[in-house]
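Everything below concerns the one structure shown next.
Only the coordinates and a few stated rules stand behind these numbers; no lab work does. Small disclaimer: the values here were computed from a predicted structure and weren't measured. For neighbour counting, all protein chains shown are included, and Cβ atoms are generated from backbone atoms with ideal geometry for every residue, glycine included.
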Amino acid sequence: MIILIVALVLILGIAFLQMKQGMLSSLIMAVCTVLAGAFAMVTYKQAALATGLYDSMNPLLIDGGFVAILFFAPLFGLRTFTDKFITEDIYYNIVIDRICGGICGIITGITMVGILLVVAQLLPISASIIGYRPYNDSLQRDASIAPFYPDDFVIGLGDMISSNWGGEEEEPAYKEDILRTAFCNRNTADLPCRRDAGKTALKVLGIYKLKAKKFKDVPSNLEENEETQAWVVRVEIDPKESIDEDDWWRLPATQFRMKCDNGGYYFPVGYFFYDQTKNSWELVDTPTPQLAVIRPADAAPAGQGLVIDWVYNIPEKVSPAATKEILPESITFRQTAKADVTIPKRIASFLPGNAETKKLALHVDTEDARKQRARALKQKNR
């Protein structure tokens, strides 16, 4: 991978420059860099939310921008402060000085390059960054930037600090995988689609639990040994705040993130539509990064939004010994539109409904939609 070579050259280059500065200077720089990196990863989301910019700008630009600002601004301030008060150097044996300076320089390089990689992954660019595609079609980690793993290093810094700040509060069973979420936010299923939406663009109309026997082949993005449960969440998308400029909906599955009460985040593995020619529900279950709903504006009844029945596969329990089942809590669409999921006391086994609910559900793909999907797949395979 090109990005691996670039990262390696940058880290070793920074280490070499810091080695020439000597042990004390490089140690100070390493400490300042690590502190600034941890500060940026812990505070960027809260800072972005506090500014209210999510309402007026692309969330991906905001997240990446705040990580960069909250890293480089404190780093500059810390280094300026230390240089002002530490004016004299300490001299050691030249060999020890160079070795220790180089080690500290590697720490500085890993942190700096890690922040740059995290910023790049948070920005609204393609799912693959210069050939670096960290997650596979099952949304499992598939590639890393060895041997230094700079992006994982800075994410780990943030996790370490945030867990210590939590005091005695019980940690959630699952922590958000920031890099996986960033990958899903960047992903467009190779379609020219929007990545922003208004706050009221999403409504949850209902939720249903699938009977395992009825749909045994519902795919999963989870570990092979995990016991799973499949849920169908019926959502409605407001055309005014989500449709593309050419009056088409192009909605990658990764734009619909489910949060569950175990603190975990999950993405659709398929969607159902009611096939009027067969008079039955049909499951579309292409791999999640390529899964997308493509419909023209007139696919929704006049004055209503587009209705989609997304299928999610989530863990059954936090652990095999647990008795309480994990339940969905909310769905977030394109990072800004959030709707709570209300679990009814009596959960339907499958999509029950009269003629009206079936009419609202997605129907067989139109010919134009099939052509768009085929064209996107052809461009990807070039």
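Observations on the structure shown:
- Over every Cα atom in region 28-78, the radius of gyration and the widest Cα-Cα span, Dmax, amount to 11.7, 39 Å.
- Per-residue Cβ neighbour rank within 10 angstrom, fewest leading, Asp244, Asp55: Asp55, Asp244
- For region 48-179, the Kirkwood estimate of the hydrodynamic radius, built from every pair of different alpha carbons, is 17.8 Å.
- Region 1-91 shape via C-alpha gyration tensor axes, a/c threshold 1.5: oblate
- Karplus-derived 3J(HN,Hα) values for region 8-14, using 6.51 cos²θ - 1.76 cosθ + 1.60 with θ = phi - 60°, are 5, 5, 5, 5, 5, x, 5 Hz; glycine and proline are entered as x.
- Rounded if a/c under 1.5, otherwise prolate or oblate - region 1-46, Cα gyration tensor axes: oblate
- Placing unit charges on the Cβ atoms of the charged side chains and taking the dipole of region 261-311 about its Cα centre, the candidate lying farthest along the positive direction among Val269, Ala299, Pro287 is Ala299.
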